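Only one structure is covered here, and it is reproduced in the block below.
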Amino acid sequence: MSRSLRIDFDTLPYWEGCRQKKLLILRCLACGFWIHPPLSVCSSCWSEKIKPQEVSGKASIYSFTTTKQREPASSFVTVWAELREQERLIVIGQLIGTDPAAIKIGDPLFLDWLSHEDHFVPAFGKARG
Ligand SMILES: [Zn+2]
């Protein structure tokens with residue numbers, strides 16, 4: 001996950017989805033593999049037949065980090081959300097509406113959105129059950 005999601009040809013569908021609060025992830029039409037961060041070929045079978053598809057938004061916590069800052073005193077949690085569609089299919093977002101002390105690895109998440117400039121970015125809340 002070291003690549004940042006700059007806006008380029010491969011990531012454009014992702015950002016256009018974010019504008020409409022749709023989490024669009026590239027999927028290989030040849031083998032069904034989901035590809036994220038976006039690439040121009042399938043990372044499983046190298047097919048170039050890939051297309052953005054909306055995912056369910058259901059996920060679970062794969063990992064998380066808590067960031068604390070001094071002024072203004074605050075903290076926020078960034079979650080590595082593993083999407084239900086595929087193992088290790090991970091979208092990074094801020095945890096919202098949830099007590100950071102009340103989360104653990106594997107907890108279920110639902111997709112939510114934070115507004116950012118002229119678009120939205122994915123964020124996640126803790127799902128019940
Ligand atoms: Zn493929």
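The values are calculated or read from the model by the stated rules, or taken from the named source; none is laboratory data. Note that this is a predicted model, so its numbers are computed, not measured. No Cβ is skipped: glycine too gets one built from the backbone with ideal geometry, and neighbour counts run over all protein chains shown. With ligands, DNA and RNA removed, areas are computed over all heavy atoms of the protein, side chains included. Shrake-Rupley method; radii C 1.70, N 1.55, O 1.52, S 1.80 Å.
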Using a 1.4 angstrom probe on heavy atoms only, work out the carbon and sulfur share of the accessible area of segment 1-54 in %.
52
Subtract the Cα-Cα distance of D8 and I105 from 0.36 nm times their separation in residues, and report this length gain in nm to one decimal.
31.7 nm
Rounded percent of accessible protein surface that carbon and sulfur make up, segment 56-129, 1.4 Å probe:
50
Hey, could you get me the Stokes-Einstein D for segment 56-129, Kirkwood radius over alpha-carbon pairs, 37 °C and 0.692 mPa s, rounded to whole µm² s⁻¹?
261
Keeping every protein chain present and rolling a 1.4 Å probe, give me the accessible area per residue for segment 1-80 in Å².
65
Rule-of-thumb check for segment 1-54: C-alpha Rg over 2.2 N^0.38 Å?
1.06
Can you show me the helix-derived [θ] at 222 nm for the chain, built from DSSP H runs with n ≥ 4 at -39,500 (n - 2.57) apiece and divided by the number of residues, rounded to the nearest 500.
-1500 deg cm²/dmol
Just want to confirm a number: the relative contact order over the chain, from Cα pairs under 8 angstrom separated by 6+ residues, in percent.
20
Using a simple charge model, +1 on the beta-carbon of Lys and Arg, -1 on the beta-carbon of Asp and Glu, nothing else, what dipole does the chain show about its Cα centre, in debye to the nearest 20?
240
So what is the relative contact order of segment 56-129, in percent, for Cα pairs below 8 Å that sit 6 or more residues apart?
31
For the chain, the Cα gyration tensor yields equivalent-ellipsoid semi-axes (√(5λ), largest first, whole Å) of 27, 17, 13
Considering only S60, S40, G93, whose Cα is most displaced toward the positive end of the charge dipole of segment 6-129, charges sitting on Cβ of Lys, Arg (+1) and Asp, Glu (-1)?
S60
With both bridge residues required to lie in the chain, what share of the DSSP beta bridges run antiparallel, to the nearest 5%?
95
